[in-house]
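Only one structure is covered here, and it is reproduced in the block below.
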């Protein structure tokens, strides 16, 4: 016989960092998470343990062996099972009182309005290689006056950007358009997520292969994504602390023990950022950089120029 669930007892250890009123606010708020792979799974785990009890979740994929290193729901027992179903069961195992609207398909023009209806905050967990879907997601969040968060693992670190309902748009910050080539969109978004390249000192060129649709990730980076996004949700919903909306960005890297909090009034559209982006992408395309990079102090000094 399973023990009886009691919300107050289950989340009592939150009190002290959260007030009773803040805990109740989290309990009654709804968070929509589009994409339940690496980022989405860790974000939902953190939110569920904070006591958030209403969710809308969406993902069409099933777990595979390739997901084991970075997706919280990937286990031998879940191979071949739908990520949406597994994630729903995980949330209910933490809080059986959770109300979960499940969408076992990708967020698209056909369902995005319904998916976002009723959400207080939205989180982007959509596959990095699906930039058109991300553009649609953020445009609809803005249209529906829903704050939206994107958080990205960057090696042993992560970055987070929060988009308000009336501030800088997703496409304006990243300097992209609907008509732009998909590969260029990915390059520009990569740069915008890491304008201070904290992880480049230990990054191998295999870390990001745009043609092969492969982006490397390690679990410490995903854990940080979950913590950073969940903290921003708390701030938005409870007015605890100050939310620094886009064009602010916050980055951390635990391996190099660095953190950056930046403000870009024009996003990545300014002449300086465009020049920096061009130079950085040119540099990363040279094999010589990857041969000389490990332990070479001159490259670390050079990268200081990008901060």
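Worth a mention:
- Computed packing ranks the peptides 170-181, 91-102 as 170-181, 91-102, most packed first, by mean other Cβ atoms within 10 Å.
- Percentage of interatomic Cα-Cα distances in segment 140-187 larger than 17 Å: 47 percent
- FRET efficiency for residue 179 and residue 4, using Cβ-Cβ distance with R0 set to 45 Å, rounded to 0.05: 0.20
- Across the chain, Cα-Cα pairs farther apart than 30 Å form 32% of the total.
- Helix 219-238 axis, angle to the chain major axis (alpha carbon atoms, nearest 10°): 60 degrees
- Per-peptide packing, taken as the mean over residues of other Cβ atoms within 10 Å, places 189-195, 116-122 in the sequence 189-195, 116-122 from highest down.
- Ordering 151-163, 233-245 by mean Cβ neighbour count within 10 Å, with the highest value first, yields 151-163, 233-245.
- Principal-axis tilt of helix 182-193 within the chain, Cα atoms, nearest 10 degrees: 80 degrees
- Cα gyration tensor shape for segment 1-129, rounded if a/c is under 1.5, else prolate or oblate: oblate
No value in this document is a laboratory result; all are computed from the given coordinates. What you see is a predicted model; the values in this text were computed from it and never measured. With ideal geometry, Cβ positions are generated from the backbone for all residues, glycine too; neighbour counts draw on all protein chains shown.
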